[in-house]
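The values are calculated or read from the model by the stated rules, or taken from the named source; none is laboratory data. A quick note: this is a predicted structure, and the numbers were derived from the prediction, not measured. FYI the Cβ positions are ideal-geometry reconstructions off the backbone, even for glycines, and counts take in every protein chain you see.
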Amino acid sequence: MLKKAGISFYLNLAACLLLIVGFILAIVSNAKPGFSYANATSVMIFSAVGLIAFLASVFCELKFGTHHMITFFVKWIAVLAVSIAFCLIAETRISNAGNLLSWDTENKVGLSALYTGFAAIILYVAAVVLFIVTTFIKEKKA
């Protein structure tokens, strides 16, 4: 099964790893007392659905090929779910940034939540961009 794997398979796995690390950072950022996400349940659900869809699309790519309709549909669901989770995280952390960086710069817990949230945002965006780029990689025919 892995003999058919091309460069896009390994880049998709790298995108999955970025998403897993981003998901862990999002959980850590949410766990800071007093600085949880406004809609933490939605963030976790969309992140989990996106991660499952990312992994499913990697295996659909192995089974059906890079340019099959099922693979595209699963990738579309993955990108949509992770993008929604990204927007929900960004919504909360950007409003926190305004408060913390304006008049509460000594709040260590808040700044920790802010920085881990921004790291999660960056990893989510990097995973989605890498995932979209791998969709357009042309595989050699065997």
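Does Y115 satisfy the criteria of being among the aromatic types (F, W, Y) and touching a Gly at 6+ places or on another chain (Cβ under 6 Å)? No: the conditions fail for Y115.
Consider the stretch 93-121 and keep the residues that are over 19 Å from V21 (Cα atoms) and within 24 Å of the chain's Cα centre (by Cα). The one that is surrounded by the fewest Cβ atoms within 10 Å (Cβ to Cβ) is G98. Among the numbered conditions (1) surrounded by 15 or more Cβ atoms within 10 Å (Cβ to Cβ); (2) within 24 Å of T135 (Cα to Cα); (3) not acidic (D, E), the only one that Y10 does not meet is (1).
Among the residues of the stretch 25-43, those that are touching a residue at least 24 places away in the same chain (Cβ under 8 Å), within 20 Å of V128 (Cα to Cα) and not polar (S, T, N, Q) comprise L25, A26, V43. Scanning the stretch 69-87 for residues that are within 30 Å of L111 (Cβ to Cβ), of a type outside the set (V, I, T) and surrounded by 22 or more Cβ atoms within 10 Å (Cβ to Cβ) returns A85, F86. Of the candidates T66, T92, the single residue that is over 29 Å from F118 (Cβ atoms) and either at pLDDT below 90 or small (G, A, S) (or both) is T66. The test for being surrounded by 14 or more Cβ atoms within 10 Å (Cβ to Cβ), in a loop (DSSP other than H, G, I, E, B) and not acidic (D, E) holds for T66.
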